[in-house]
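The structure appears below as structure tokens.
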Amino acid sequence: MNDIIKSIEAEQLKSNITDFNVGDTVKVSAKVKEGNRERTQVFEGTVLKRQNGGSRETFTVRKTSNGIGVEKTWPLHSPSIEKIEVIRHGKARRAKLYYLRNRVGKRAKVKESIR
């Protein structure tokens, strides 16, 4: 039974996912449906966390818009995500960067790592 579930989930995985980690600044191009038409909306911010694995893997991106923090969580293998573009790699020593929620301005930045 377990092998059947694994084979079904393996079919749903995307193969063209870019490699990104927690602390990276990314641009997520997601499809947004408004009425009967569909458009692409770009959300740029810092990756706070990646959790789970396989077809259930999700990631959360945070940005500040007009001084207000906005977070969005997407399933990594969702068909609504067109592409994920890494802008800069961040140096994070933790798996979850929840402490960035309490910071504002320059303190809310993650140091850039050189790869």
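The values are calculated or read from the model by the stated rules, or taken from the named source; none is laboratory data. Just so it is clear, the model here is predicted, and its values are computed rather than measured. With ideal geometry, Cβ positions are generated from the backbone for all residues, glycine too; neighbour counts draw on all protein chains shown.
Name the single residue, out of those in the stretch 30-72 being under 27 Å from Arg93 (Cα atoms) and of a type in the set (Gly, Ala, Ser), that is surrounded by the most Cβ atoms within 10 Å (Cβ to Cβ).
If we take residues in the stretch 30-72 being under 27 Å from Arg93 (Cα atoms) and of a type in the set (Gly, Ala, Ser), then Gly45 is surrounded by the most Cβ atoms within 10 Å (Cβ to Cβ).
Can you say whether Arg37 is free of Cβ contacts under 8 Å to residues at least 12 places away in the same chain and among the basic types (Lys, Arg), as far as the supplied structure shows?
yes
Residue by residue through the stretch 81-110, note down the ones that are small (Gly, Ala, Ser), surrounded by 14 or more Cβ atoms within 10 Å (Cβ to Cβ) and assigned to a helix (DSSP H, G or I).
Correct list: Ala108 only.
I want to confirm something. Restricting to the stretch 54-70 and keeping residues that are assigned to a strand (DSSP E or B) and farther than 30 Å from Ile8 by Cβ, which single residue is nearest to the chain's Cα centre (by Cα)?
Step by step, filter the stretch 54-70, then rank; the result is Arg62.
Give me a count of the residues in the stretch 69-98 that are among the hydroxyl-bearing types (Ser, Thr, Tyr) and over 22 Å from Val110 (Cα atoms).
2
Would you point out the residue of the stretch 100-110, among those that are of a type outside the set (Lys, Arg) and farther than 13 Å from Gly23 by Cα, that is modelled with the highest pLDDT?
Looking at the filtered set, the residue picked out is Asn102.
For the stretch 17-29, give me the residue count where each residue is more than 15 Å from Arg88 (Cβ to Cβ) and not aliphatic (A, V, I, L, M).
Total meeting the criteria: 1.
What residue, of Ser113, Ser78, is of a type outside the set (Asp, Glu), surrounded by 12 or more Cβ atoms within 10 Å (Cβ to Cβ) and either modelled with pLDDT of 95 or more or out of contact with any strand residue (DSSP E or B) (no Cβ under 7 Å at 6 or more places or on another chain) (or both)?
It is Ser78.
How many residues does the stretch 13-25 hold that are surrounded by 13 or more Cβ atoms within 10 Å (Cβ to Cβ) and either at pLDDT below 85 or closer than 14 Å to Thr58 by Cβ (or both)?
3
If Arg62 meets every condition in (1) at pLDDT below 95; (2) of a type outside the set (Asp, Glu); (3) more than 30 Å from Lys6 (Cβ to Cβ); (4) touching a helix residue (DSSP H, G or I) at 6+ places or on another chain (Cβ under 8 Å) apart from one, which number is that one?
Every listed condition holds for Arg62 apart from (1).
Under 6 Å between Cβ atoms, which residue pairs at least 6 apart in sequence (or on different chains) link something in the stretch 20-33 that is in contact (Cβ under 8 Å) with a residue 60 or more places away in the chain and at positive phi with a partner that is hydrophobic (A, V, I, L, M, F, W, C) and outside any strand (DSSP E or B)?
Final answer for the pair search is Gly23/Ala92; Gly23/Val110.
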